[in-house]
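Derivation of every value follows stated rules applied to the coordinates shown; laboratory data play no part. These figures come from a predicted structure and were not determined experimentally. Here the Cβ is made from the backbone with ideal geometry for all residues, glycine too, and neighbour counts use every protein chain on show.
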Amino acid sequence: MVLPSMEAKTENLKGKQPVVVIVGHIDHGKTSILDFIRKTHVAEKEVGGITQHIGAYEIQRDGKKITFIDTPGHEAFSAMRARGAKVADIAILVVAADEGIQPQTKEAILHIMKAKIPMIVALNKVDKPTAQPERVKDELAKYDVLVETRGGKIPSVEVSAKTGKGISDLLDLILLIVEVEKLKSDTSDQAQGVIIESNMDSKRGPIASLILESGVLKEGDIIGTPFCLGKIKRLEDCWGKKIENAFPGQPVSVLGFEKIPAIGETFKVFPTSELAQEGLGKKEESVPFLSPTQPDQKILNLIVKTDVVGSIEPIEQIIKTIPQDKVFLRILKRDAGDVNLSDIKIAETEKSLILGFRVKTSDVIMEAAKRKGIRILTFDLIYDLVEGIRTFMEKTLASETIRTDHGKLEVLVIFRTEKNRQIVGAKVLEGEILRGLKMEILRGGDLMGHGKIVGLERDKREIEKGVKRDEVGILYEGNVKIQEKDILVAYDEKRQKIQL
């Protein structure tokens, strides 16, 4: 066997088209930034030619192409991370300059760090009068995101998706990172990459959108994921135009899979169908949901409906990340398609919540669900779906009573005793005593009963509170008679919703 020379190997190394993902908190402007880039850096004829959503698109900047994973917070990115696939070369962390760090900002930072890819911080909405980009930079430093102006190595840029300020600088930073990182790919390698979107077309059959990581993809190639095979009948770019070849970093659509591959699955090209068949089901098996860990743990049954088959697994992966120590989530059924009567019957029998992701629910189905007391929650955004589940889980938990002790008194004298009321004189031993607080009556260390402070006086004048060493008069109302030398503990109780 004659091995290729190092010179030949080097010749096959080409500059890789960078793949960029934009992440951050909801409403911080991720979609707006992508829309501005698309409108200003994509030819008008191409924008008008978009007939399908493939989960990614590419732009031209100074003669160089950049791929953006579409739909910020895209479920594909979550599935890819869960499977360990590295589809993005660069991450843009979007933070609104008028709001700063939010819960999903922290989550996005962790995801980027786990992916170990270069980061750019985009401080958005700097056109707003309330914007404080410098304060946001200080906040970021607390989460180990040290930008260059703070002595770190992470580039940052102030942008406005509304006016376009800083967008060109952002694109220049992407190209600079590509140059510094020397992103390369070997076109002689076996073609492989990641599925980023998939759906069933009623006329053309299964369609998979993918991004190639290495090698060259072409029509006629035998392609396979761990659970799905096919032979490429047609390759299309992100504008739906037929192409002959696809290169690393390029987003393309593939027709020819035997069934719909799952979002986040890795794919490879095989020399023969036999070799592709051998690779089926040998890895990436989905992990089943575990049983509840506590005998008394509450269980929330779910029926999950999605727009396309490819969204099912990512939704499952994301549901697994929700804390379940208090409420266990069990998925009874998950499939693609609108909510139907079969779903309603299962939900009624198993007392389930129906979750819909980018699906429709007809009036007939809604009426049937209402009659049977079944909740159907539908969402178009992953973030909203997660928050919706969390809110529903918290509603299933009974509120807990939180007791707060405020002060302690010793009874000195009994002035008057009526049927269920007394007026007593007492000295405040510690804390403070407020009108309206509840009281615990202790006698010789034993609990005798409970009552309430209806009125509070000092020197025959009504007061709002008494403090340590004060001698006060108390109008008490309760189920037990107070005696001299009793210890009274003043407290209040509040109902507090249990957090997950």
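Dipole magnitude for the range 192-278: about 300 debye, using +1 per Lys or Arg Cβ and -1 per Asp or Glu Cβ, origin at the Cα centre.
What you get for the range 201-242, charging only the Cβ of Lys and Arg (+1) and of Asp and Glu (-1), is a dipole of about 260 debye around the Cα centre.
Of the residues VAL424, HIS25, ALA161, the one whose Cα sits farthest towards the positive end of the charge dipole of the chain is VAL424 (charges of +1 on Lys and Arg Cβ, -1 on Asp and Glu Cβ, taken about the Cα centre).
About its Cα centre, the dipole of the chain is roughly 1000 debye, where the only charges are +1 on Lys and Arg Cβ and -1 on Asp and Glu Cβ.
Volume per residue of the convex hull around the Cα atoms, evaluated for the chain, comes out as 249 Å³.
Legend: distances between Cα atoms for LYS242/LYS333; LYS116/LYS203; LYS116/LYS268; LYS438/LYS460; pairs beyond 30 Å are LYS242/LYS333; LYS116/LYS203.
Checking the cross-link pairs LYS128/LYS494; LYS16/LYS153; LYS125/LYS360 against a 30 Å limit on the alpha carbon distance flags LYS128/LYS494; LYS125/LYS360 as lying beyond it. If I take R0 = 60 Å and measure r between the Cβ atoms of ASP335 and GLU457 in this structure, what FRET efficiency does the formula 1/(1 + (r/R0)^6) give, to the nearest 0.05? E(calc), rounded to 0.05, equals 0.30.
Since only LEU447, THR401, LEU488 are under comparison, the one whose Cα sits farthest along the positive direction of the charge dipole of the range 401-496, derived from C-beta charges on Lys, Arg, Asp and Glu, is THR401. The value of relative contact order for the range 401-496, using C-alpha pairs under 8 Å at least six residues apart, is 41 percent.
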